[in-house]
Amino acid sequence: MINVHGVGPTDRVLAPGEDRTWVSVAQFEQMLDLAVQREHVRITFDDGNASDLEIALPRLLERGLTAEFFVLAGLLGEPGRLDADGVRELAKAGMPIGSHGWAHRDWRRIDDVQAQEEFTEAHRVIGEIVGEPVTTVAIPFGSYDRRVLRRLRQTGVNRVLTSDGGTARTSAWLQPRNSLRHDMDAVWLTSVIDGRPAFQQRARSFAARAVKRLRGGPPMIRVNSAVPSPHETDSDHEGVSEKSAR
Ligand SMILES: [Zn+2]
């Protein structure tokens with residue numbers, strides 16, 4: 001599961017470190033174009049940024065993709081954020097809407113009054129906007145502990161999304177996500193999406209084979225010694241290249 005925060009330029013003042021999660025339109029489109037060929041990829045958006053509607057929605061629809069949007073009930077209509085109409089527009093376009101809480105607080109550090117806002121009030125507001133109860137929640141900052149999970153169980157939501165990274169089981173109550181970062185590239189993206197060696201490494205492997213053909217000898221370096229391959233199930237270029245290099 002891929003999680004997006006903000007895309008493209010924004011007129012909102014970003015919180016410290018928030019710029020690290022902000023990606024360019026080109027990076028975003030690169031991710032969508034990879035996702036469109038892979039049915040197992042799920043996409044989510046956190047924080048209810050205006051770019052959800054202005055940049056993301058048209059590009060999702062263009063590619064026939066659906067994504068879930070997790071909005072901040074207490075910040076709707078703030079500069080650079082979605083307002084209630086924007087959330088409604090996303091929902092009308094077939095995008096499921098979930099809660100990211102009220103005011104983007106760290107849920108491990110809230111008191112009972114704030115918890116009331118984050119879970120009860122937020123769900124009421126979002127539920128009224130989209131016309132159905134909130135069933136899914138994305139945790140701000142991916143920050144949770146046992147107490148947070150207990151509170152979430154009491155709200156009765158079906159799914160809780162974290163930012164723990166890794167592969168998610170679609171039926172699980174607690175599901176990890178991989179957040180896009182401003183410095184991500186095709187290698188990172190492909191290895192997250194496919195859970196196996198990425199384009200650039202394959203390209204290097206091709207290049208090494210080409211060099212070998214030209215020189216008529218073995219390549220000077222082993223091309224795939226640094227390739228992490230957690231889920232390698234098929235024999236791909238690296239394997240072939242390494243064998244033929246010996
Ligand atoms: Zn967030």
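Figures for the structure shown
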{"quantity": "Within the stretch 42-58, tally of residues that are charged (D, E, K, R) and either within 16 Å of the ligand (Cβ to nearest atom) or outside the structural domain of VAL137 (by TED's automatic domain parsing) (or both)", "calculated": "3"}
{"quantity": "Qualifying residue in the stretch 17-25 (condition: more than 22 Å from GLY195 (Cα to Cα) and of a type in the set (A, V, I, L, M, F, W, C))", "calculated": "yes"}
{"quantity": "Filter pass, LEU90 being modelled with pLDDT of 95 or more, under 30 Å from ASP33 (Cα atoms) and within 15 Å of the ligand (Cβ to nearest atom)", "calculated": "no"}
{"quantity": "Residues being assigned to a helix (DSSP H, G or I) and more than 17 Å from ASP47 (Cα to Cα) - total across the stretch 110-129", "calculated": "8"}
{"quantity": "Qualifying residue in the stretch 20-35 (condition: in a helix (DSSP H, G or I) and within 15 Å of the ligand (Cβ to nearest atom))", "calculated": "yes"}
{"quantity": "Meets criteria (over 30 Å from ARG38 (Cβ atoms) and within 16 Å of the ligand (Cβ to nearest atom)) for ASP106", "calculated": "yes"}
{"quantity": "Test: THR10 is surrounded by 12 or more Cβ atoms within 10 Å (Cβ to Cβ), within 16 Å of the ligand (Cβ to nearest atom), under 13 Å from the mean Cα position of the chain (by Cα) and among the hydroxyl-bearing types (Ser, Thr, Tyr)", "calculated": "no"}
{"quantity": "Some residue of the stretch 73-84 being more than 16 Å from the ligand (Cβ to nearest atom) and in contact (Cβ under 8 Å) with a residue 24 or more places away in the chain", "calculated": "yes"}
{"quantity": "Yes/no for LEU61 being more than 16 Å from the ligand (Cβ to nearest atom), closer than 20 Å to THR21 by Cβ and in the same structural domain as GLU118 (by TED's automatic domain parsing)", "calculated": "no"}
{"quantity": "Complete set of residues in the stretch 135-148 that are away from the ligand (no atom under 16 Å from the Cβ) and either in contact with a Cys (Cβ under 7 Å, 6 or more places away or on another chain) or closer than 20 Å to ASP47 by Cα (or both)", "calculated": "THR135"}
{"quantity": "Residues located in the stretch 60-105, provided they are assigned to a helix (DSSP H, G or I) and under 15 Å from the mean Cα position of the chain (by Cα)", "calculated": "LEU60"}
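The values are calculated or read from the model by the stated rules, or taken from the named source; none is laboratory data. As the structure is a computational prediction, the values presented were derived from the model and not from experiment. Positions of Cβ are backbone-derived with ideal geometry, glycine not excepted, and every protein chain shown enters the neighbour counts.
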